[in-house]
Amino acid sequence: MPKKRILTGYRPTGLLTLGHWFGNLLNMCELQEEFEAYYFVADWHALTSDWQDTHSIRRYTEEMVLDWIAAGIDPEKATIYRQSDVPEVAELTLYLTMVTPMTWLERVPSYKEQREQITEKDLSNAGFFLYPLLQAADIAIVKGDIVPVGEDQLPHLELTREVVRRFNGQYGDLLVEPAAKIAREGARVPGTDGRKMSKSYGNAIYLSESEDETSAKVMSMMTDPARKLKTDPGDPDICPLHQIHKLVGDEDVIAEFDSCCRDASCGCVAHKKKLIEDLNGYLRDFRERRAEMASRPDYAWEVLENGAARVRPAIDELMGQVRRAMHVDAG
Ligand code: TRP
């Protein structure tokens, strides 16, 4: 039995954080062992929402590849490529627009939500409206069997399945209907202010930042807000410092800080210093590997080029069949 093909894409809109590490990257490393993994940088998807400010997309594409590989994604095992290096994705998106009623796109929940919630960007463009179809084309063009998704992406996958069925019904069984794999719930990592870690909240710890930057962020981290004085007992269960420490520290050290926080026999500063040591220690190998790769000019671009070459034959074959079925081939 050939391995099933798993596929996932990430928009290159920023550096990866500790939240991505525990939420996605560890999972992606595991999946590359069990499946044929396709991990791609969705630079066109970044365009759909950031079309007014595109200057960082290339840089973040490169940074993402370095983050992935330093985290343990093996470019020999997983195929790493860039969406825009497969221009037929745009062609297939166009074909999919033909079989997709506009109402299907209008009812995608993330579309309405993001248009309402994200006010600092202009999302009234048709490109953003077509976001889920571009995603459907990403998946269909490489015959992805399985897409690991969080709750928020489920409707996109459901739409993909419906569109694939409609396309196949009209033109013949050419596209594969992908299955969703509800991603194993990764640990939820709080940011330095206790809210969910996110670039847009300005509370993120970046994997690739320096030890000094991490130290400064940890020193300024929020702890149990009710613990005003060192002599006040604290509650580690609501302390973001403690939640992060649990992910990277030794069990007995964690247990010690848990109890000395509760009986106020240690202070938050001592805990911060220990977290700095443990967190920087945890990320040290990653940071060394990443710095080494970053020092090789064009390393990330070579990885992407190889990945694009690897997917090429299957794309040519499928798109040949699709054009023929739709009577837009050379005849
Ligand atoms: N929509 C995904 C996100 O916002 C990114 C993405 C684009 C994707 N194409 C994909 C994910 C294909 C899985 C499969 O994060």
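The values are calculated or read from the model by the stated rules, or taken from the named source; none is laboratory data. None of these values were measured; they are calculated from a predicted model. All Cβ positions, even for glycine, are placed from backbone atoms using ideal geometry, and neighbour counts span all protein chains on display. Surface accessibility is based on the protein's heavy atoms, side chains included, excluding ligands, DNA and RNA. Shrake-Rupley method; radii C 1.70, N 1.55, O 1.52, S 1.80 Å.
Cross-link candidates for Lys3: which aspartates and glutamates have Cα within less than 18 Å, leaving aside residues fewer than 8 places away along the same chain?
Glu30, Glu33, Glu34, Glu36, Asp74, Glu76, Asp145, Glu177
Scan segment 88-186 for GluC sites (Glu not before Pro) in coil per DSSP, keeping those whose Cβ has at most 11 other Cβ atoms within 10 Å, and list them by number. Present the calculation step by step, with values, prior to reporting the outcome.
Numbers: sites: Glu88, Glu91, Glu106, Glu113, Glu116, Glu120, Glu151, Glu158, Glu162, Glu185; in loops: Glu120, Glu185.
Answer in residue order: Glu120, Glu185.
Near the amide H of Ala37, under 5 Å away, which other amide H atoms are found, from residues 5 or more places off or on another chain, if H is placed in the peptide plane?
Ile6, Thr79
Can you work out the Karplus-derived ³J(HN,Hα) for every residue in segment 181-190? Use 6.51 cos²θ - 1.76 cosθ + 1.60 with θ = phi - 60°, whole Hz, and x for glycine or proline.
10, 5, 4, 3, 4, x, 5, 8, 9, x
For segment 211-296, what is the convex hull volume of the alpha-carbon atoms per residue, in Å³? Intermediate results must be reported in sequence, preceding the final value.
Values: hull volume 7.0 nm³, N = 86.
Convex hull of Cα atoms, per residue: 81 Å³.
Output the 0 to 90 degree angle, nearest 10, between the alpha-carbon long axis of helix 268-294 and the longest principal axis computed from the alpha carbons of the chain.
Once rounded, the angle reads 40 degrees.
Among the lysines, select those whose C-alpha is under 21 Å from the C-alpha of Lys228, and discard any that sit fewer than 8 residues away in the same chain.
Candidates past the 8-residue exclusion: Lys217, Lys272, Lys273, Lys274.
For segment 209-291, what % of the accessible area comes from carbon and sulfur atoms, probe 1.4 Å? Mind dumping the intermediate values first?
Values: 2330 of 4420 Å².
Here carbon and sulfur together make up 53 percent of the probe-accessible area.
Given only helices, namely DSSP H runs of n ≥ 4 each adding -39500 (n - 2.57), what is the per-residue ellipticity at 222 nm of the chain, to the nearest 500 deg cm²/dmol?
Details: 14 runs with 175 residues, N = 331.
Helix-only estimate at 222 nm: -16500 deg cm²/dmol.
Scan around Val149 for amide H atoms under 5 Å from its own, H built in the peptide plane at 1.01 Å from N, and keep only partners 5 or more places away or cross-chain.
Lys181, Ile182, Ala183
Two decimals is fine: what's Rg over Rh for segment 107-211, C-alpha atoms, Kirkwood radius as Rh?
Working: Rg = 17.3 Å, Rh = 16.3 Å.
Rounded to two decimals, Rg/Rh equals 1.06.
Heavy atoms only, probe 1.4 angstrom, no DNA, RNA or ligands counted: give me Met326, Met222, Met64 ranked by accessible area, highest first.
Numbers: Met326 30, Met222 70, Met64 5 Å².
Greatest to least solvent exposure: Met222, Met326, Met64.
Work from the charge dipole of the chain (Cβ charges, +1 for Lys and Arg, -1 for Asp and Glu, about the Cα centre) and give the residue of His20, Asn280, Thr48 farthest towards its positive end.
Thr48
Which cross-chain or sequence-distant (5 or more) residues have an amide H under 5 Å from the amide H of Arg82, H modelled 1.01 Å from N in plane?
Result for Arg82 returns Val41, Ala308.
List the cysteines in the chain whose Cβ has no other cysteine Cβ under 4.7 Å from it.
Lacking a cysteine Cβ partner under 4.7 Å: Cys29, Cys239, Cys261, Cys268.
Given 5 Å bins starting at zero, what is the percent of C-alpha pairs of segment 1-97 in each, up to the one with the largest pair distance?
In order of increasing distance, the bins hold 3, 13, 22, 23, 19, 13, 7, 1, 0, 0 percent.
So if I place +1 on the C-beta of Lys and Arg and -1 on the C-beta of Asp and Glu, and nothing else carries charge, what would the dipole magnitude of the chain be about its Cα centre? I want it in debye, nearest 20.
520 debye
For Asp258, tell me the accessible area in Å² from a 1.4 Å probe, rounded to the nearest 10.
40 Å²
On a C-alpha basis, how far is the centre of segment 181-217 from the centre of segment 261-331 in Å? Whole number, if you could?
16 Å
State in Å² the accessible area per residue of the chain; use a 1.4 Å probe, count heavy atoms of protein chains only, and round to the nearest integer.
Numbers: 16300 Å² over 331 residues.
Here the residues of the chain average 49 Å² of exposed surface.
Just the number, please: percent antiparallel of the DSSP beta bridges in the chain, rounded to the nearest 5.
Values: 2 of 17 bridges.
Close to 10 percent.
What does the charge count around Tyr171 come to, taking other residues whose C-beta lies under 11 Å from its C-beta (Lys +1, Arg +1, Asp -1, Glu -1)? Kindly include the intermediate steps, with their values, before the conclusion.
Values: positive: Arg166, Arg323, Arg324; negative: Asp173.
Spelling it out: positives minus negatives among the neighbours equals +2.
Work out the length of the dipole vector of segment 209-291 about its Cα centre, built from +1 on the beta-carbon of each Lys and Arg and -1 on the beta-carbon of each Asp and Glu, and round it to the nearest 20 debye.
Working: 13 positive and 18 negative charges, 61 e Å.
With Lys and Arg at +1 and Asp and Glu at -1, about 300 debye.
Using the Kirkwood formula on the Cα atoms of the chain, what hydrodynamic radius do you get, in angstrom to one decimal? Can you show the working numbers first?
Details: mean 1/r = 0.0459 Å⁻¹.
The answer is 21.8 Å.
Ordering Arg287, Arg310 from largest to smallest accessible area (1.4 angstrom probe), what's the sequence? Write out the running numbers ahead of the final one.
Working: Arg287 35, Arg310 105 Å².
Solvent-accessible surface, decreasing: Arg310, Arg287.
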